[in-house]
Amino acid sequence: MLVEYSSELLIEVDCVSKSFGSYLAVDSVSFSVPRGQIFGLLGPNGAGKTTIVKILTTLLSPDSGRATVAGLDVVKEPRRLRSRIGLAGQYAAVDENLTGRENLDLVGRLYHLPKKLVRSRSAELLNDFDLTGAADRVAKGYSGGMRRRLDLAAALIAEPVVLFLDEPTTGLDPRSRNDLWEVLERLAAMGSTILLTTQYLEEADRLAQNLAVIDSGKVIAMGTPSELKSLVGSSVLEVALEDASRHDEAAIVLSAIALDPNKVEIVAGRIRMAIRERSGIVADVVRLLDQSGLPVAEVAVMKPTLDDAFLSLVGHGTKGGSYD
Amino acid sequence: MTEQLSKINAGDVYHVVDAGVIGQLRHAFSDAMAMTRRNLLRYLRIPDLLVFSTIQPVIFLVLFTYVFGGAVKGLHTSYIDFLIPGIVIQTVAFGSTQTGVGLAEDMGKGLIERFRSLPMARSAVMAGRTIADSARNLAVIFLMIAVGYLIGFRFHNGILPALFSIVLAVLFGFALSWISAFTGLAAKNVEGAQVASFIWIFPLTFASAAFVPVNTMPGWLQGFVKVNPITNAVDALRALSLGGPTARYVLYTLLWTVGLIAVFAPLAVGRYKTKT
Ligand SMILES: Nc1ncnc2c1ncn2[C@@H]1O[C@H](COP(=O)(O)OP(=O)(O)OP(=O)(O)O)[C@@H](O)[C@H]1O
Ligand SMILES: [Mg+2]
């Protein structure tokens, strides 16, 4: 069963482009997301993330290319498609004059769910998102984090086949962000298919199994977070001996494990070299040097971060300032 | 998170398949009702709005009666009997601006985007607004007639024409709401929507037979006033409450009502569909 499902593509985007006037906001983007995966669209302001989400949720139609969600074409079958998706847009869409519960009831009814089901789903979701206490209060008095949670609950009310989340944690304090991550991780663990956009590398790294990095409307890299990290390369090993005068000797010993034996440098009183990261590497380094009678004072392995990957991919000139 | 989340992706359990035209119409109706309910709740949740939309027309009524009442000559009836139909139409006309304002507000808060991503009928967002605003109009009209009775107003033509005049006023307001829905969706923000409505409703309402007899106005204005649909609606209401020939006025008002809806409802829905 699971194997069968996991090969099913719930989102397929094929060469989709979209312009606003003469500005090409989405430029021949292609990617696909199999059932049960969290897919991240990562990119700076104005990259085109929201535009892609809007195309996939039928809010905008593409100028060219083809896209399907849950097997339905975004242009040809928008109405059926809408009944299978949930969307939490970039800005929480909550009716401030309704209570939390009324908000969920309204959205549930507009999905044409049976009344009884709407009521029980609302109650469950309010509970899941820690809103039971505030359920019958008007949403005007909700904090930013509560609004986000309510918005997400609304997106989930019809148990969508595919969930779209556009920057779900933007504007949240670190604690609320963490809470929301936990919610998303639980959804993921239960096999939800989610498309998530984010500007936060940490978020993409933690949540997404696959990522597309978008810049100026183009996909500039795609892969798992660790694949993207490996694009920028290897980990860096730094070693300092108790006796700094013997660093030259140590460098020769360590060249045996260096990625490039000719590039072992001594920088700022430390030996520095690129290595292939693996578990137990620190112990091996210490043992190797000990065997040569070179007592170690300090060893550090620095892994590349997704930040490094992102910055090196997107480069210097990221376009700022989009207000959509 | 409890086990219900595990049901996500388990299958399309809850996804109702549209059952042909009848099913779609049923959905369009139930969606419009859900949206109407939501919009009416707004009046309960914002007391200021409720007070503003009910007290203001009553203040107009009382002020006009006592300020203009003495000055207007040559009427066959008391000024209050003349005024009530005019002020009822003025109220539904001014009230229709709220339709556009409400839609612009929803747009600003990203709610329209959420609605557009739902499998609901394309007409329901606007229908919910125009119906809710008509319900509010109905309540305000009753309030004004009640206050009117306290200061001397009477229906002179029997109960059925009286009730019909109320229905006609609400229908006419419903038609104006669709214009407001269209301009409200075209506006960039709430203030824009407000201006976009008042800019045509204000002159249309005052350059009409609503408050003073047409024959007191300069000749060039009379031409406009006579073709003004507001004048027509006011005349229809007057005929229904005071007596006299009604058919022509009522017919014209109904034609205007149907015509405005036929033009502006599709325009508004079209704009909603393509809103980015
Ligand atoms: N309706 C529109 N009309 C004109 N230009 C638009 C419109 N929507 C988006 N754009 C432009 O298209 C580009 C991509 O916008 P988009 O909102 O998709 O970016 P984003 O990646 O979501 O950015 P952010 O991180 O700021 O949300 C931007 O340059 C934006 O100014
Ligand atoms: Mg965006």
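The values are calculated or read from the model by the stated rules, or taken from the named source; none is laboratory data. Please read all numbers here as calculations on a predicted model, not as lab measurements. Every residue, glycine as well, gets a Cβ built from its backbone with ideal geometry; the counts of neighbours run over all protein chains shown.
A compact table of results
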| quantity | calculated |
| --- | --- |
| Members of the range A:46-72 that are within 15 Å of ligand 1 (Cβ to nearest atom), part of a loop (DSSP other than H, G, I, E, B) and hydrophobic (A, V, I, L, M, F, W, C) | A:A47, A:L59, A:L60 |
| Residue satisfying condition, being away from ligand 1 (no atom under 16 Å from the Cβ), touching a strand residue (DSSP E or B) at 6+ places or on another chain (Cβ under 8 Å) and within 27 Å of A:G43 (Cα to Cα), within set A:S216, A:S235, A:S226 | A:S235 |
| Number of the exception - A:F129 against (1) facing chain B (nearest Cβ under 8 Å); (2) crowded, with 20+ Cβ neighbours inside 10 Å; (3) touching a residue at least 40 places away in the same chain (Cβ under 8 Å); (4) out of contact with any Gly (no Cβ under 8 Å at 6 or more places or on another chain) | (1) |
| Residue in the range A:157-164 that is on the phi > 0 side of the Ramachandran plot, charged (D, E, K, R) and more than 16 Å from ligand 2 (Cβ to nearest atom) present | yes |
| Matching residues in the range A:68-89 - criterion: being more than 8 Å from chain B (Cβ to nearest Cβ) and within 16 Å of ligand 2 (Cβ to nearest atom) | A:A88 |
| Answer residue from the range A:166-198, given it is surrounded by fewer than 17 Cβ atoms within 10 Å (Cβ to Cβ) and more than 14 Å from chain B (Cβ to nearest Cβ) and is nearest to the chain's Cα centre (by Cα) among those | A:N178 |
| Wholly within the range A:136-237, helices (runs of 4 or more DSSP H) carrying at least 1 residues that are β-branched (V, I, T) and in contact with a Ser or Thr (Cβ under 9 Å, 6 or more places away or on another chain) | A:225-232 |
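Residue-wise test of (1) under 27 Å from A:S17 (Cα atoms); (2) at pLDDT 85 or above.
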position: A:T198; (1), (2): yes, yes
position: A:A204; (1), (2): yes, yes
position: A:L211; (1), (2): yes, yes
position: A:I214; (1), (2): yes, yes
position: A:S234; (1), (2): no, no
position: A:V239; (1), (2): no, yes
position: A:A251; (1), (2): no, yes
